[in-house]
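K.L.:
Take a look at the following structure, please.
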Amino acid sequence: MSDASSGDEPSIRSETMNAGAYESHLARSRRMWNRWSDWYGLSESDFEPMREEAISRLGLGSGDRVLDIGCGPGVNFASVRDEIGADGELVAVDYSPEMVSKARDRVAEHGWDNVEVACADAGTVTFDEPFDAAIATLSMSVMPDIELAAETVYRSLTPESRFVVFDVRAGLGGALGLLNPAVELFLRWYANWNPDDDVVESLTAVFESVEVVETYMAGFAYTAMAEKRPTATDESAAGCNS
Ligand SMILES: C[S@@+](CC[C@H](N)C(=O)[O-])C[C@H]1O[C@@H](n2cnc3c(N)ncnc32)[C@H](O)[C@@H]1O
């Protein structure tokens, strides 16, 4: 696994964001999430049912290799590991060194020797081996270039695999929609949420199929399932037995 963030500039997608803005968004994320890491445990169970639901949609089996993007202090690890067993592999990535340290503590406490945590930017990290599935909970919307992070995931998956995203947005429906500007301000202040990119649109630009499969809290939170489908080249490489 390697983090290209210290090498060439990332190929930024957003028209509104140049490389300097990308770096400053990342630096702010690192500062904020380092700081929040001390308090994260107080609220990490708030979204637990939604995270569980998202993990169950991955359709994992024993021995699968799974990627967790923006893992924070490792809140998804126990559930993912329950699904993949001791023969599977979980690789988790986060850009905050303090979050990574807490995630590694969690791994050490449980003695999980098939869970690896890396400190890297999801927009530029690369992996040696492909994954059978990927998950991102409450993290894609805080990336500096969401499409770039979605591309990382797409590239890192095997053909015919799934990326499930649970996230939040300023997307309250009906009369509550009047509160969306305040929700956006809150998310930007609290989470360094990215107001310029939309997670579902970014996934749609990258994956062959994307569907919002659940919404919660009047539209504030949602789960999206993105599917990578085999290309013609992949299919022909598989042989001509059909
Ligand atoms: C709201 S926390 C979510 C943590 C966890 N996945 C959860 O469900 O609670 C967002 C996490 O995304 C991480 N993050 C932000 N930007 C990132 C990036 N560019 N690459 C990797 N991780 C990033 C933050 O450090 C933080 O730990």
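Each reported figure results from applying straightforward, stated rules to the coordinates on display, with no laboratory input. Fair warning: this is a prediction, and the values are worked out from it, not measured in the lab. Cβ: placed from backbone, ideal geometry, glycine included. Neighbour counts: every protein chain shown.
K.L.:
Just give me the residues in segment 80-117 being among the small types (Gly, Ala, Ser), crowded, with 18+ Cβ neighbours inside 10 Å and within 13 Å of the ligand (Cβ to nearest atom), in sequence order.
P.N.:
Residues of segment 80-117 that are among the small types (Gly, Ala, Ser), as a first pass: 85-86, 88, 92, 96, 101, 103, 108, 111.
From what is left, the residues that are crowded, with 18+ Cβ neighbours inside 10 Å are 88, 92, 96, 103.
Across segment 80-117, the qualifying residues are Ala92, Ser96, Ala103.
K.L.:
Something else about it: Would you mind stating whether Asp196 is over 12 Å from the mean Cα position of the chain (by Cα) and over 18 Å from Cys71 (Cβ atoms)?
P.N.:
On the way: over 12 Å from the mean Cα position of the chain (by Cα): yes; over 18 Å from Cys71 (Cβ atoms): yes.
Spelling it out, Asp196 is indeed over 12 Å from the mean Cα position of the chain (by Cα) and over 18 Å from Cys71 (Cβ atoms).
K.L.:
Moving to a separate point now. How about segment 127-141: which of its residues are in a loop (DSSP other than H, G, I, E, B) and buried (at least 24 other Cβ atoms within 10 Å of the Cβ)? Lay out the reasoning, then the answer.
P.N.:
Step one: filter segment 127-141 for residues in a loop (DSSP other than H, G, I, E, B), giving 127-130, 138-139.
Within segment 127-141, just Ser139 meets the criteria.
K.L.:
On to the next question. Among the residues of segment 51-73, what is the count of those that are within 11 Å of the ligand (Cβ to nearest atom) and part of a strand (DSSP E or B)?
P.N.:
2
K.L.:
Sticking with this one: Residues of segment 144-186 being within 16 Å of the ligand (Cβ to nearest atom) and more than 17 Å from the chain's Cα centre (by Cα), which ones?
P.N.:
Keep residues of segment 144-186 that are within 16 Å of the ligand (Cβ to nearest atom), which gives 144-156, 163-170, 183-184, 186.
Passing the criteria: Ala170, Val183, Glu184, Phe186.
K.L.:
For segment 37-45, state whether one or more residues are without any contact (Cβ under 8 Å) to a residue 60 or more places away in the chain, closer than 14 Å to Asp132 by Cβ and assigned to a helix (DSSP H, G or I). Before the answer, list the steps.
P.N.:
Going residue by residue through segment 37-45, those that are without any contact (Cβ under 8 Å) to a residue 60 or more places away in the chain are 39, 41-45.
Remaining after also requiring closer than 14 Å to Asp132 by Cβ: none.
No, the conditions are met nowhere in segment 37-45.
K.L.:
Right, something else. Output yes when any residue across segment 227-237 is more than 28 Å from Ser37 (Cβ to Cβ), among the hydrophobic types (A, V, I, L, M, F, W, C) and touching a residue at least 40 places away in the same chain (Cβ under 8 Å), and no when none is. Spell out how you get there, then give the answer.
P.N.:
Filtering segment 227-237 down to residues more than 28 Å from Ser37 (Cβ to Cβ) leaves 227-237.
Those left that are additionally among the hydrophobic types (A, V, I, L, M, F, W, C): 232, 237.
Pick out the ones that are also touching a residue at least 40 places away in the same chain (Cβ under 8 Å) and you get none.
No; the residues of segment 227-237 include none that is more than 28 Å from Ser37 (Cβ to Cβ), among the hydrophobic types (A, V, I, L, M, F, W, C) and touching a residue at least 40 places away in the same chain (Cβ under 8 Å).
K.L.:
I'm trying to understand the selection: among the residues of segment 19-40, which are more than 20 Å from Asp197 (Cα to Cα) and among the polar types (S, T, N, Q)?
P.N.:
Once the filter is applied, which keeps residues that are more than 20 Å from Asp197 (Cα to Cα) and among the polar types (S, T, N, Q), segment 19-40 yields Asn34, Ser37.
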